Amino acid sequence: MNRAHLATVLLLLVAITASGVWVVHTKYLTRLNFSQLQDLRAQRDALDLQWNRLRLEEAALSTDVRVERKARDELGMYLPRVGDVMLIEEADHAFP
């Protein structure tokens, strides 16, 4: 074998080895990214579940009956009695 042939074979072996290392590294990064994706999906699902619970809690806390009870008990508010209601008529703004 001459030197040129030997150099070519050696260069091909280095290229094949580098290619193999690159494939293994890429596969490792793919698995790492897939694992992160799975973690992020699990976090998203947990946040969706928590958001739905919070929406239900908000709906339960803001019902008309509950708000009215809180207004009566904590703020001393009440529905106006008939005698408490004053009717104000709008004055006619016609100019002579």
Here the residues within the range 1-23 that are open to solvent by 100 Å² or more (accessible area, probe 1.4 Å) and within 48 Å of the chain's Cα centre (by Cα) are ILE16, TRP22
When restricted to GLU89, GLU68, the only residue modelled with pLDDT under 90, open to solvent by 80 Å² or more (accessible area, probe 1.4 Å) and assigned to a helix (DSSP H, G or I) is GLU68
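The values are calculated or read from the model by the stated rules, or taken from the named source; none is laboratory data. Source: prediction; values computed, not measured. Side chains are part of the model used for accessible areas, which takes the heavy atoms of the whole protein and leaves out ligands, DNA and RNA. Shrake-Rupley method; radii C 1.70, N 1.55, O 1.52, S 1.80 Å.
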